[in-house]
Amino acid sequence: MEHIQLYTNFSDQFMINFPKIDPIAIQLGPFAVHWYGLMYLVGFGSAWLLGRWRVKRQLTRVTLVDFEDLIFLCMLGVVLGGRLGYVLFYKPAYYFSNPLEILYIWQGGMSFHGGLLGVLTMLALFAIRRNYKFLELGDLIAPLIPLGLAAGRLGNFMNGELWGRPTDLPWGMAFPGAADGIARHPSQLYQLGLEGLLLFGVVWWFARVPRPVGQISAVFLMGYGVFRFLVEYTREPDAFLGLLAANLSMGQWLCIPMVLAGAVLFKRSTA
C-alpha cells in the first residue's frame, strides 16, 4: 500500500489522493485471496465470537449448539440474499439477460437489504425447526451485525468502490475508479463509522440487559435505517440508477420501510 498523498486542485483546496491498494491480499500461484473476502471472514468471525459471549452469559435462551447452527445459516443468508438482492433491487434487466453472471460474486455486487432479507428468512426457518420465537432470534443476532458491516465497508474502501459525491471539504478524496480526478466524500468510511461502529455501540449497549422480545431488533432496524439514509446523501448514486423519486437513492428508499418497521415493532414490544 502506498502512502496517501495530498495535492492541491484548481480551487486551491487540498484533496487526498486515494492510496494504491492491491485488492489481492494473498497470492499463492493461481490462488488469490482478496481483501474484500477477508473482510467477510472478519465480519462472520466477530459475529460468532460476540454471539458466543451473549449465549454464555445467558442473555438469551438459545443454546450454544443452536447458536452455532444458526450463525452458519445466517452466513448463507447474507451471501445468497445479498447477491439476489443486488440482482433484483439494482440490476434486474441486466442479470435476467445474463443469468450466469449472477454467480460471479467475485466481480462484486452485494446488497445489504437483500442480505438482511436472507438472514430473516433463515431466522424464520430456524425458529420453526428448533421451536424458538422469530423475534428472540432476531434479538440475538441484531447486536452481532454492525461490526460485520464495518468490516464490509472497510473492504469497499480498500477496493476503491462505492465512493461518495463531490465535495470541497478538506478530507475529500480522489478515487481512481471515478476517473474524473475530483474530490469526493469517502462515504465508505462514513458508513464504517455510523452503520458499523456507532450502531454497534448503540445496539450492544441497549442489549446489555434483558429487554422485551423484539426491542433489540427494533433498535437495530431503526438505527441502521436512519444512519444509512443520512449517509446516502454523501454517497454517489449508482450510475445505472441515479436518484429516484423525491431525489432519493435506492438505498434510501429501502431504508424507509426498515425505520417504519422498527418503530412499529418497538412500540408493540412495549405495549
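Just so it is clear, none of the values below were taken in a lab; they were calculated from the coordinates. Given the structure is predicted, the values throughout are model-derived calculations rather than measurements. Positions of Cβ are backbone-derived with ideal geometry, glycine not excepted, and every protein chain shown enters the neighbour counts.
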(request) May I ask for the angle, rounded to the nearest 10°, between helix 215-231 and the longest principal axis of the chain, with both axes built from Cα atoms and the value confined to 0 to 90°? (result) 10 degrees
(request) With a point put 7 Å past each Cα toward its Cβ, work out how far Phe240 is from Leu64 in nm, to one decimal. (result) 4.6 nm
(request) Treat each spin label as a single point 7 Å out from the Cα along the C-beta direction, and report the Leu28 to Ile102 distance in nm. (result) 3.3 nm
(request) Quick one: order Glu195, Glu101 by neighbouring beta-carbon count within 10 Å, fewest to most. (result) Glu101, Glu195
(request) Let me know the longest stretch in the chain that avoids all chymotrypsin sites (Phe, Trp or Tyr not before Pro) found in a DSSP loop with at most 13 other C-beta atoms within 10 Å. (result) 11-103
(message) Helix 250-270 against the longest principal axis of the chain: what's the angle in degrees, Cα atoms only, rounded to the nearest 10?
(response) 30 degrees
(request) Could you please state, rounded to a whole Å, how far the C-alpha centre of segment 14-88 is from the C-alpha centre of segment 197-271? (result) 20 Å
(request) Once you have a ≥ b ≥ c as the square roots of the Cα gyration tensor eigenvalues for segment 87-154, tell me rounded if a/c is under 1.5, and otherwise prolate or oblate according to whether a/b is larger than b/c. (result) oblate
(request) Could you give log10 I(q)/I(0) at q = 0.10 Å⁻¹ for segment 36-118, computed by the Debye formula over C-alpha point scatterers of equal weight, without solvent? (result) -0.32
(request) Quick one: angle between helix 64-89 and the longest Cα principal axis of the chain, in degrees between 0 and 90, rounded to 10, please. (result) 40 degrees
(request) Classify segment 101-209 as rounded, prolate or oblate from the Cα gyration tensor: take a ≥ b ≥ c as the square roots of its eigenvalues, call it rounded if a/c is under 1.5, otherwise prolate when a/b beats b/c and oblate if not. (result) oblate
(message) Run the simple label-point estimate for Leu197 and Thr121 please: 7 Å along Cα→C-beta, distance reported in nm.
(response) 3.4 nm
(request) Using only the C-alpha atoms of segment 5-211, find the volume of their convex hull and express it per residue in Å³. (result) 156 Å³
(request) Quote the charge dipole size of segment 118-271 about the Cα centre in Debye, to the nearest 20; the model charges only the Cβ of Lys and Arg (+1) and of Asp and Glu (-1). (result) 700 debye
(request) Using Cα positions and a limit of under 28 Å, work out the lysines in reach of Lys267, with same-chain residues fewer than 8 apart set aside. (result) Lys133
(request) State the answer as a single residue: which of Phe18, Leu140, Asn247 lies farthest towards the positive end of the charge dipole of the chain, with beta carbon charges of +1 for Lys and Arg and -1 for Asp and Glu, about the Cα centre. (result) Leu140
(request) State the answer as a single residue: which of Met110, Val78, Val213 lies farthest towards the positive end of the charge dipole of the chain, with beta carbon charges of +1 for Lys and Arg and -1 for Asp and Glu, about the Cα centre. (result) Val213
